[in-house]
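Down below is the structure, laid out as structure tokens.
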Amino acid sequence: MPDTTHVSTGAPRDWAEAFGALPQERPDRDAWQDIARRLPGQRRSVRWPALLAVAATLALAIVVPMRLLERAPDAPATRVATTVRSTHPTTAATPNAGSAQAGTTTPASKPAPTDPLEQLYAQSAQLEGVLAMARDDRVATGAATEVAADLDAQLARIDAQLRQPDLSRDRQLALWRARVDTLGTLVGFEGTRRWLAVHGQHYDGALVRVD
Amino acid sequence: MTAPAPTPAAPTPARSSFAIDVPEALLARARGGDRAAFEQLYRWFERPVFTLALRIGGDREEARDVLQDTMLKIFGRIGEFRGDNGRGDGSPFWGWVRQIAVNEALMRLRRDRRTAQEIGVEDMTVFVEDHAPLPPAAADAAILQRALAALPATTRSVLWLYHAEGYTHDEIATLMQRTASFSKSQLARGTKKLRTMLEVTEHEHA
């Protein structure tokens, strides 16, 4: 009696099916940052009123988290706050010291930080706030969710690296830049996704056959 | 009277991982130089381009370079893309992307003579189509990937372009600057070698 135990019902029928079932690969290090650096000078498209509306929303969203950060800098609401504390216990606690001593009801405008690392912390926090407002899972679709999940995973990898002890300053700067860039990408992605949804389009590219 | 030979099942049409419909609105933004649109296009085609480059060249760092160069060419020339005109009778954007990616990957392969190896074929007129059932090990992604990686790069490229991307022998010949006979012979010998490797693996694990 022939041994049929090796015959799996899930076995590919031919080579095309076997190759097609192989998982897709991605680079070990994200290549976008390198590509973006080599892009010729970009001009941003501002032709669409809807994009202007999105930009206005995002600008508003940047201001709100900034104010919140000034008033309640210890609130551990965002991922960035956690990460900052783990790598920079001293800088994480500094922003509220001055404003608490001022004792005024109207918050004084704070000078912009000059330390590049501090600037990156601030940008990261702002973008986290924007992202929270821009993200809307109600308009999520398959491919878009996958792209967003990839970016989230990328962010998680950066955060994991930021939690490593004894990071050099240069390494911290590189990681925080990567974090800000990734967050910027996510914000742009979510904004566009919403824009497309409003216009009856979506990110899901329908797979088509090559005959 | 002998029974008629069983006809092989119709082969599965290749289903390219590049086959993604890109919204015209996104392409319009990219043509306008919108950086965010570029990045979204990158995210969509990152895996297909990298996977193709990895299958052809067999090296992850090289594949990353191919990915970068491909994307920069796409962004630099996106204004030239006039394929899909909205009526469905033009070339899709993904086909254009794939063409650039394949050219980039094969160009690197030709440049690096150390890896641009192929299975030696004495008689390029003998082509045996392989319609036999696949070894069960072909269903194991890790084993199949290892076997593919063990093939000479040029041979592997022919197999991948033919089976995974659905190119014809004539198209492969043009892409690789060789003849259709070369493509057919590499496919036949490469498939045979791949099958042998998978069967050996199967026996080792039995």
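The values are calculated or read from the model by the stated rules, or taken from the named source; none is laboratory data. Just so we're clear, the structure is a prediction, and the values are computed from it rather than from any experiment. Here the Cβ is made from the backbone with ideal geometry for all residues, glycine too, and neighbour counts use every protein chain on show.
Of note:
Here's the yes/no breakdown for (1) modelled with pLDDT of 95 or more; (2) in the same structural domain as B:Ala147 (by TED's automatic domain parsing); (3) of a type outside the set (Val, Ile, Thr):
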| position | (1), (2), (3) |
| --- | --- |
| B:Ala37 | no, no, yes |
| B:Arg47 | yes, no, yes |
| B:Ile56 | yes, no, no |
| B:Asp84 | no, no, yes |
| B:Pro92 | no, no, yes |
| B:Val97 | yes, no, no |
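- So B:Pro13, is it at the interface with chain A (Cβ under 10 Å from one of its Cβ atoms) and at pLDDT 95 or above: no
- The residue of segment B:138-160 that is surrounded by the fewest Cβ atoms within 10 Å (Cβ to Cβ), among those that are without any contact (Cβ under 8 Å) to a residue 60 or more places away in the chain, hydrophobic (A, V, I, L, M, F, W, C) and more than 8 Å from every other protein chain (Cβ to nearest Cβ), is B:Ala142.
- Selection from segment B:38-57 of residues that are closer than 17 Å to A:Asp150 by Cα and not polar (S, T, N, Q): B:Phe38, B:Glu39, B:Leu41, B:Tyr42, B:Arg43, B:Trp44, B:Phe45, B:Glu46, B:Arg47, B:Pro48, B:Val49, B:Phe50
- Of the helices (runs of 4 or more DSSP H) lying entirely inside segment A:81-194, the ones with 2 or more residues being at pLDDT below 65 and either surrounded by fewer than 16 Cβ atoms within 10 Å (Cβ to Cβ) or in contact with a strand residue (DSSP E or B) (Cβ under 7 Å, 6 or more places away or on another chain) (or both) are found at A:89-93, A:95-102.
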